[in-house]
Structure formats: structure tokens, C-alpha cells
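The values are calculated or read from the model by the stated rules, or taken from the named source; none is laboratory data. None of these values were measured; they are calculated from a predicted model. Ideal geometry is used to build each Cβ from the backbone, glycine not excepted, and the neighbour counts take in all protein chains shown.
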Amino acid sequence: MAFDTRRGEEKQMSVLIIGTGFSGLGMAVRLKQAGIEDFVLLERAQGVGGTWRDNRYPGCACDVQSHLYSFSFELNPDWTRMFAQQPEIERYLQGVADKYELLPHVRFGANVSAARWDEAAALWRVTTQDGRTFAGRVLVSGMGALSNPAFPKIPGLADFKGKLFHSAQWDHDYDLKGKRVAVIGTGASAIQFVPQIVPKVAHLDLYQRTPPWIMPKPDRPISAFERKLFRLLPFTQKLMRAGLYAFLETRVLGFVVNPKIMTLVQKTAQRHMKRQVPDPELRRKLTPDYTIGCKRVLISDDYYPALTQKHVDVITSDVSEIRANAVVTADGTVREVDAIILGTGFTVQDPVPRGAIFGRGGKDLWDSWSEKGVEAYLGTSVHGFPNFFMLMGPNTGLGHTSQVFMIESQIRYVMDCIRTMRSQKLRTVDVRADVQKRFNDKVQGTVSSAIWNSGGCKSWYLDARGRNTTIWPGFTFVFRNKTRHFKTEKYAVEAETSSATRA
Ligand SMILES: Cc1cc2nc3c(=O)[nH]c(=O)nc-3n(C[C@H](O)[C@H](O)[C@H](O)COP(=O)(O)OP(=O)(O)OC[C@H]3O[C@@H](n4cnc5c(N)ncnc54)[C@H](O)[C@@H]3O)c2cc1C
């Protein structure tokens, strides 16, 4: 069907992409490289970068080495540290958008409110909160698994009269100097910003529900010589990237193959804590009661030293209530504060929100998951949602290496699908229900004995039923192999009619 002016739609596109983080930008680059120009990127914010545009808290950095945590097609010889800080990663992604001339394709301020499959026209029709509409043959979600901050449901939180913000919405205009500050949460973000704010604040109460395991951080500046070498002899950087990839991949042996290996890793983490925390009482509070790896393993050399400062208290009693100027814990203690910073992470169990994606028969994607929980074929396709692909979908998260490797694998797969649709003149592709079920039965079978499910913790990797819908339980090269080629026999396909337009 041609572009329908009555709907006020932009020209009909081959591909609509939601999001401009690593996923959306990577997808767009590959489309351009394949000579496909009729696509748009719908981005709710006013800039590109996703995670690395939003998370501006002090100390924000990646925890996978930058030489690996970057696109394979856009190596950056100029990383200044092994683990680059947020501003450098955001600049890198902005640089990718500039170099590949993606900005003319981006519609900023386009907060997608709903995407609906139009069966008659075989098109995705997308509406944004400001009333714009878009139509496309293929819809790719790069909405990110960690893009919506999670706010804890604590009685009285809304009535707090001091300063309150989430780490992903850091208020840099608020001066923490001399303030009494409560930090709620001790996850990946908190362990990065707590050491940065401890020297400024008058007092810090750190509310910890479950302590993380923390390993030493092998960070260092990358010398001018190394950077020159990477620029002049690009294969040296490729070699370094390959070495990092191979090294990090060995971690799967402990996570999945034989969780007993993790006890050795745990000893290193225990030694790290013992070296940095002399006080046995504080060590007791900071020692997790689950096997390392069950929750995300964190890396830091400055978190423990920050907690040993006299003006820092680690509080392990649950937060029960927030009052106008204080935090109250289950043991009845009331601690007055000027500011509360939420380090409470993201709504990770919702890869896309309810009420956003409607497939065949107007079915909400969430309703298709109501029986078995969140799942997709290869973390990418869902039965009943033709021509729709999720990047960083269910069971594509990682605990051991770079997420960008998974994102690029999925992008290759979607590109192969688009190529196949074009060459075989296919109007729709819809993954078969039995294929999706077989794939997920296998994933759940593997993940159920892995450390994330068996390590004795309750983490954001697991849903309310205790099903791990987040993590890819295996080597990433296995995922890369599975996503190498789009196989039409796994999908119900419909051929184009002569009047139909192509993907
Ligand atoms: C602080 C932090 C540190 C991390 N460090 C690492 C690391 O070291 N290594 C690693 O492998 N992974 C890390 N991650 C995970 C990280 O999220 C992924 O590596 C990667 O950045 C995800 O990219 P993405 O494009 O899929 O999603 P995002 O970067 O989250 O981008 C999603 C985009 O979609 C947009 N969007 C969402 N909903 C809508 C909507 N309805 N309409 C329009 N636009 C929408 C958002 O505005 C955003 O721009 C980290 C995550 C966080 C939060």
C-alpha cells in the first residue's frame, strides 16, 4: 500500500527503528551500508546515545573494556582508559551518528506511544506522544533493556521535601557539598557514584538490601604510544580486542558450565574486600550470602575505601518509610537527610512497556507473554508480531562480556532477514509458535542450572516466577552462530502481491 496522506504519515519507510543507543545506531549504520536509505530512527530524547546520554552521574563508566565495548565496524584507537567514562562513550556514539550521516534520519522528541500492526496493509503504524505518525514495513525496537529508571515503592517517597533524584536523572545543579545524603541501592551505578560524592557530603547513609560481590578493576590510562600504535597499525587494536573477547568468554565456564569454578573467583573478591576494609564488622555487612556471579559481578577499586570513611554509614535494615526530611528503617531508626539519591536501577523485566506494541489481532505484546512470561525466538522475533524485531530482547543480556557483541549479532540477523524478504519478495515473516517454544524450552533448560538461578540470590535477572528471562546462558559465539543466517523455514511467510511494496 502506498503512503496514506489522510493519516498525516511521513512517507512510508522500509524500516522504522525505535531508539538511538548502540542498538538503534548500529542498525541504522548497517542499513546504510546495505544501500537502504528509507528508514527513520524515532528517539524520545533530544540527542543520540541512549544509556550513555542519560546516565551522567559522577563516575559513570563502562565495566567492559572499551576496546571490546564498541562497534566492530568502528574501532576507536583513541580510548583514553581501559574503561572509558560516560562523556567519552557518549562522544563516540555521537561520532558514529555523524560519520555515517544518521542524523537526517533521526526524529528527536518522538516518544513512541504505540506501534500497531496493520494486517491489511502489512505495515507497522507508529504513533508518538506528540501526535506524529509513521508507517514502515519492518519495525525494529532498540528501546533498551536498561532505559527506564525503576523507582522503589516506599511509603512516603512522594512526600519527601528534600532533594530526590534517580542516578539516571542526576541533578548536576544540586550541590551535594556539606549535605546529609541517603543513597538507596548498592548496584552497578551506586558503586560508581558513591566514591565520587563521599568527599563532598557532610554525611552519607548507604542503604543496602543485598551487597554485591566486587572484584578489582583492571583499569589504567591508555598511553599516547599505544593510541598511536592502534592508529598506525589497526591490526594491533584488533588483536587486543580479540584477546579481550577470548579472555572474557572464558568466564562462561564458571557461570554456566561448572559453577564450582566460581568459588575460586569468590576467593579473589574476598581478598579484595579484606585488603580494603580493615573493620571486620563492616566486612560482615558487605559480604554477600550468595555465590559470586548470581547477581552482576561488579568491579571497583574505590568503593570499599569510600565506605570506610568516618562520615559514611552502611545501613542494612530495610527502608520502611520516607518522611518529609528523613529515612526510616524497619528497626525504627529515623535518620534525617537533605537529599535522597536512588541507585535503584531499571525496570529490566519490561523489554518493551505494556501498551506499546500491538501485533496480529491487536494483541498487546505483553498479553502474548501472559502465560509463559517474556520470551522471543533468538531474543529477537515473537510469534504473532510479523516483521517486528527486538534488539536486546529477552535472554540476550550478559553477565560476562560486551553487550555490543550481542546487539551486533542481532543486527546481522535482522539485516539478513531484510535481504531475504527483498530477494524472495516476502511481504511478511512471522516466527512459528513451535519454533519459538522449542528455542525457549532449550534456553530455560540451560539457564535453570546456571549460577544466576542456582547461586542463592534474588536478582533482576529473574522474573516474578523465578524464570530467567534476561540472560543468554552460554558463549556469545554460539549466539553469533545461531543468528548468522535468517532461516525462512522457521517463519510463516507471506509472498508479496504485485501491488504490495517491499521491505
Ligand atoms: C550505567 C550503565 C552502564 C552500563 N555499562 C555497560 C558495560 O560496561 N558493558 C555492557 O556490555 N553493557 C553495559 N550497560 C548496558 C547497556 O544498556 C547496553 O550495553 C547498551 O548501551 C544498550 O544499548 P541500547 O541501544 O539497546 O539501549 P539504550 O542505550 O538504553 O537506548 C535505548 C534508546 O531508546 C530510546 N527509547 C526508549 N523508549 C522509547 C520510546 N518509547 N520512544 C522513543 N524512544 C525510546 C531511549 O531514549 C534510548 O535512547 C550499561 C548500562 C547502564 C545503565
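Here are the numbers for this structure:
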quantity	calculated
Flag for Ala84 being within 10 Å of the ligand (Cβ to nearest atom), surrounded by 17 or more Cβ atoms within 10 Å (Cβ to Cβ) and without any contact (Cβ under 8 Å) to a residue 24 or more places away in the chain	yes
Selected residue (only one of Ile292, Ile322 is of a type in the set (Val, Ile, Thr), closer than 21 Å to Gly187 by Cα and assigned to a strand (DSSP E or B))	Ile322
Criterion violated by Thr20 - all others in (1) of a type outside the set (Phe, Trp, Tyr); (2) within 10 Å of the ligand (Cβ to nearest atom); (3) in a helix (DSSP H, G or I) satisfied	(3)
Pick from region 246-282, criterion of a type in the set (S, T, N, Q) and in contact (Cβ under 8 Å) with a residue 12 or more places away in the chain, ranking: farthest from Leu307 (Cα to Cα)	Thr263
Residue selected from region 37-54 under the condition crowded, with 23+ Cβ neighbours inside 10 Å and part of a loop (DSSP other than H, G, I, E, B), by the criterion nearest to the ligand (Cβ to nearest atom)	Gly50
Selection within region 429-452 - under 25 Å from Thr347 (Cβ atoms) and surrounded by fewer than 20 Cβ atoms within 10 Å (Cβ to Cβ)	Gln444, Ser448
Given (1) surrounded by fewer than 19 Cβ atoms within 10 Å (Cβ to Cβ); (2) farther than 26 Å from Asp54 by Cβ; (3) in contact with a helix residue (DSSP H, G or I) (Cβ under 9 Å, 6 or more places away or on another chain), index of the condition Ala242 fails	(3)
Among residues of region 134-181, those that are more than 11 Å from the ligand (Cβ to nearest atom) and in contact with a His (Cβ under 6 Å, 6 or more places away or on another chain), counted	1
Selection count where residues are on the phi > 0 side of the Ramachandran plot and without any contact (Cβ under 8 Å) to a residue 40 or more places away in the chain, scope region 438-493	1
Some residue of region 112-119 being free of Cβ contacts under 8 Å to residues at least 40 places away in the same chain, of a type outside the set (Ser, Thr, Tyr), away from the ligand (no atom under 11 Å from the Cβ) and under 26 Å from Glu494 (Cβ atoms)	yes
Residue within region 336-351 that is in a strand (DSSP E or B), modelled with pLDDT under 95 and not basic (Lys, Arg) present	yes
Matching helices (runs of 4 or more DSSP H) fully within region 402-491 where at least 1 residues are within 22 Å of the chain's Cα centre (by Cα), under 26 Å from Thr263 (Cβ atoms) and away from the ligand (no atom under 16 Å from the Cβ)	433-447, 451-454, 476-482
Every pair of residues 6+ apart whose Cβ atoms lie under 6 Å, when the first sits in region 44-58 and is more than 15 Å from Ser70 (Cβ to Cβ) while the second is of a type in the set (Asp, Glu) and modelled with pLDDT of 95 or more	Arg53/Glu90
Criterion (in contact (Cβ under 8 Å) with a residue 60 or more places away in the chain, crowded, with 19+ Cβ neighbours inside 10 Å and polar (S, T, N, Q)) met by exactly one of Gln403, Gln424	Gln403
Any pair with Cβ under 6 angstrom, 6 or more apart, that starts in region 131-153 at a residue that is within 30 Å of Ala121 (Cβ to Cβ) and ends at one that is among the charged types (D, E, K, R) and away from the ligand (no atom under 12 Å from the Cβ)	Thr133/Arg7; Thr133/Glu9; Phe134/Glu10; Ala135/Glu9; Ala135/Arg125
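A quick yes/no check of all residues on (1) at pLDDT 95 or above; (2) more than 30 Å from Leu75 (Cα to Cα):
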site	(1), (2)
Gly359	yes, yes
Gly362	yes, yes
Trp369	no, yes
Ala376	yes, yes
Ser381	yes, no
Leu398	no, no
Ser402	yes, no
Val414	yes, no
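Okay, residues lined up against (1) under 27 Å from the mean Cα position of the chain (by Cα); (2) surrounded by fewer than 20 Cβ atoms within 10 Å (Cβ to Cβ); (3) in the same structural domain as Ser317 (by TED's automatic domain parsing); (4) of a type in the set (Val, Ile, Thr):
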| site | (1), (2), (3), (4) |
| --- | --- |
| Phe165 | yes, yes, yes, no |
| Ala168 | yes, no, yes, no |
| His172 | yes, yes, yes, no |
| Asp175 | no, yes, yes, no |
| Thr186 | yes, no, yes, yes |
| Gln192 | yes, no, yes, no |
| Pro199 | no, yes, yes, no |
| Leu206 | yes, no, yes, no |
